[in-house]
Amino acid sequence: MAEKLKINVVIAGRTYPLSVNNTNEEEGMRKAANSINKLISLYEQNYAVSDKQDVLAMCALQFASKLEISAIDKDSTSIEAIEKLNELTKLVNTHLK
């Protein structure tokens with residue numbers, strides 16, 4: 001069993017020790033922490049937010065909503081593709097008969 005890598009990431013001024021399985025996970029964690037810190041700075045610059053917890057909640061909401069919207073878009077795209085494939089299948093079947 002491969003040994004886990006121990007890393008530290010800083011989010012909102014706090015250091016969090018983490019264990020990751022490989023360098024890809026490390027890179028992903030570091031990029032995620034960087035994205036969170038950039039968004040925190042953006043919210044602090046543009047809104048009168050005095051509590052870090054409020055800023056972190058806003059960041060969490062933004063990231064989670066992007067994932068959910070992406071999943072909804074993917075589902076609707078899949079449904080449309082299936083409908084088109086069904087139409088094409090019917091068309092091909094009518095020409096083969």
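By the rule of a C-alpha distance below 15 Å, with chain neighbours fewer than 8 residues away ignored, the aspartates and glutamates paired with residue 52 are 44. Relative to the longest principal axis of the Cα atoms of the chain, the long axis of helix 52-96 makes an angle of roughly 10 degrees.
Tell me, what % of the accessible area of the chain is carbon and sulfur with a 1.4 angstrom probe? Write down the numbers at each step before the final one.
Numbers: 4610 of 8070 Å².
Solvent-exposed carbon and sulfur of the chain make up 57 percent of the total.
Placing a label point 7 Å from the Cα of residue 37 along the Cα-to-Cβ direction, the residues of region 1-23 whose backbone N falls under 17 Å of that point are 7-18. Looking at the chain, the GluC sites (Glu not before Pro) that sit in a DSSP loop and have at most 12 other Cβ atoms within 10 Å of their own Cβ are 3. Overall, the chain carries a charge dipole of about 200 debye about its Cα centre when +1 sits on the Cβ of Lys and Arg and -1 on the Cβ of Asp and Glu, all other atoms neutral. Projecting the Cα atoms of 28, 70, 10 onto the charge dipole of the chain, computed from C-beta unit charges around the Cα centre, puts 28 farthest toward the positive end.
Applying the criteria of a DSSP loop state and at most 14 other Cβ atoms within 10 Å to the chymotrypsin sites (Phe, Trp or Tyr not before Pro) of the chain yields 47.
The values are calculated or read from the model by the stated rules, or taken from the named source; none is laboratory data. Remember, it's a predicted structure, so these values are computed and weren't measured experimentally. Cβ: placed from backbone, ideal geometry, glycine included. Neighbour counts: every protein chain shown. These area figures cover heavy atoms from the full protein model, side chains too; ligands, DNA and RNA do not enter into them. Shrake-Rupley method; radii C 1.70, N 1.55, O 1.52, S 1.80 Å.
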